[in-house]
1. So which residues in segment 17-48 are part of a helix (DSSP H, G or I), within 27 Å of Glu63 (Cβ to Cβ), open to solvent by 30 Å² or more (accessible area, probe 1.4 Å) and touching a residue at least 24 places away in the same chain (Cβ under 8 Å), if there are any at all?
2. Can you confirm whether segment 82-102 contains a residue that is out of contact with any strand residue (DSSP E or B) (no Cβ under 8 Å at 6 or more places or on another chain) and surrounded by 11 or more Cβ atoms within 10 Å (Cβ to Cβ)?
3. Residue under question is Glu76, and the condition is that it be within 20 Å of Arg4 (Cα to Cα) and open to solvent by 20 Å² or more (accessible area, probe 1.4 Å); does it hold?
4. Could we say that Glu44 is of a type in the set (Asp, Glu) and either farther than 21 Å from Thr126 by Cβ or in contact with a helix residue (DSSP H, G or I) (Cβ under 7 Å, 6 or more places away or on another chain) (or both) here?
5. Among the listed residues Ala119, Ala113, which satisfies the condition of being loosely packed, with under 11 Cβ neighbours inside 10 Å and out of contact with any His (no Cβ under 9 Å at 6 or more places or on another chain)?
Amino acid sequence: MIIRRATENDLAELNRLLYQVMEVHSQGRPDIFRQGEKKYSDEELKAILNDYKRPIFVADEGETGLSGYVFCVIEENRGSRILNKIKTLYIDDLCVDKELRHRNIGRRLLEYAVNFAKAEKCRSVTLNVWAFNGNAIKFYETCGFTPQKITMEKLI
């Protein structure tokens, strides 16, 4: 397996994995997420693939395809009256093929993203994870992530 930046040649495999992520989300919170959808259209994916500040890194297994991806966004907070200027790498999405989990693919993708963030002189790597996704929360915690803030809701 090699980890590399995604290209337009990876669209079909990225879409396959995007549907897997949405399946987890639509099962966990069907009140929020639509079943059978994906996060990005092909046109949006192509635009992201051509945006240096929105790298997608993939775990390439050669002839058997992609085993995972990590979508990233370089974010630069310009500062304000209350916030310091901060450059971070935001993990927009991370997926490991459901048939290949627990093989350190996700950890390797995340480490690759962290190293990219260091090279870009980011202060931190951030991400959001849905509270229903206990497996993802445990995974991120084992990778050294801790809560920065918590979003709460009250359904009415």
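The values are calculated or read from the model by the stated rules, or taken from the named source; none is laboratory data. Note that the coordinates shown come from a computational prediction; the quantities given were computed from them, not determined experimentally. Note that we place each Cβ from the backbone using ideal geometry, even for glycine, and neighbour counts take in every protein chain shown. Quick note on the areas: whole protein, heavy atoms, side chains included, nothing else; ligands and nucleic acids left out. Shrake-Rupley method; radii C 1.70, N 1.55, O 1.52, S 1.80 Å.
1. Val24, Asp42, Lys46, listed by residue number.
2. Yes, segment 82-102 contains a residue that is out of contact with any strand residue (DSSP E or B) (no Cβ under 8 Å at 6 or more places or on another chain) and surrounded by 11 or more Cβ atoms within 10 Å (Cβ to Cβ).
3. Against the criterion (within 20 Å of Arg4 (Cα to Cα) and open to solvent by 20 Å² or more (accessible area, probe 1.4 Å)), Glu76 does not qualify.
4. Taking the combined requirement at face value, the residue satisfies it.
5. Ala119
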